[in-house]
Amino acid sequence: MFKNFFIQETPPEKNWNSTLLFDDSAWTKGLPGFGSDSIEGTSVRRISTQWKTQKLYTRKKFNITRKKIDNLALRITHDGATKVYLNGQTIYDKKVAGYCLVNLDNKLSKVLRDGVNLIAVESEKGRSNYLDISLFDMRH
C-alpha cells in the first residue's frame, strides 16, 4: 500500500507529523527501504532510497475505507531509535533496533480515519541507517 513517501534528512517544521495540510512539496520522494550503502548484521534487507544522515523524517498520506479492510497492520523494521505517528498520535516508539507488527484495527480504531490518513516516521541511525515500513491487511 505504501509507494512514495516524502522524506527529509533535516529537522522539519512544526506539525510535520500531525497535519494533512503540512506543505511537504519541497521534500524529496522516496520508496520504503531507506538505508545506507551497507547494512550491518544482515544481507536480506532491500535499499530503495539512500539515507546517509543521522536522522530521517518521512511522511505519507494514504486513503483507506475501513469497511473494506478488516485487519490493518503496520510492519516496521529499523536500526535506530524510531517513532511512528498516525494522524499525529504516537503509535510506535522504540529506542533501539527493532522489527514490529502493529495491529491498527484493534488498538487504534479512534485514530485511524475513514478516508485520508497520515503516517509519519522519524528514525535515527543505529549501527547502520535502515528503515522499512509497510501497511497491509493481515487477512490477505
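Using the structure shown, decide if N129 is out of contact with any Ser or Thr (no Cβ under 7 Å at 6 or more places or on another chain) and not hydrophobic (A, V, I, L, M, F, W, C).
Taking the combined requirement at face value, the residue does not satisfy it.
With the requirement that a residue be in contact with a helix residue (DSSP H, G or I) (Cβ under 6 Å, 6 or more places away or on another chain) and open to solvent by 20 Å² or more (accessible area, probe 1.4 Å), what does the range 108-135 give you?
D114, the sole residue that qualifies.
Rundown of residues vs (1) open to solvent by 50 Å² or more (accessible area, probe 1.4 Å); (2) at pLDDT below 90; (3) of a type in the set (F, W, Y), yes/no style:
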site	(1), (2), (3)
S36	no, yes, no
I47	yes, yes, no
Y57	no, no, yes
K60	no, no, no
K83	yes, no, no
N87	no, no, no
T90	yes, no, no
K94	yes, no, no
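Does D70 count as of a type in the set (D, E, K, R), surrounded by fewer than 16 Cβ atoms within 10 Å (Cβ to Cβ), touching a Lys or Arg at 6+ places or on another chain (Cβ under 7 Å) and at pLDDT below 95?
When the stated conditions are applied, D70 passes them.
Against the conditions (1) more than 27 Å from L112 (Cβ to Cβ); (2) modelled with pLDDT of 70 or more; (3) out of contact with any Asp or Glu (no Cβ under 7 Å at 6 or more places or on another chain), where does G41 fall short? Just the number, please.
Result: G41 fails condition (2) only.
What are the pairs, 6+ residues apart or on separate chains, where a residue within the range 79-102 that is small (G, A, S) has its Cβ under 6 Å from a residue that is open to solvent by 20 Å² or more (accessible area, probe 1.4 Å)?
G80/E124; G80/K125; G80/G126; A81/K95; A81/E124; G88/S18; A97/G126
In this structure, does D105 turn out to be surrounded by fewer than 16 Cβ atoms within 10 Å (Cβ to Cβ), touching a Lys or Arg at 6+ places or on another chain (Cβ under 7 Å) and not polar (S, T, N, Q)?
No, not satisfied.
The values are calculated or read from the model by the stated rules, or taken from the named source; none is laboratory data. Note that the structure is a prediction, hence the values are computed from the model and not measured. Quick reminder, even Gly has a Cβ in these numbers, built from the backbone with ideal geometry, and neighbours come from all protein chains shown. Areas reflect the complete protein model, heavy atoms only, side chains present, ligands, DNA and RNA absent. Shrake-Rupley method; radii C 1.70, N 1.55, O 1.52, S 1.80 Å.
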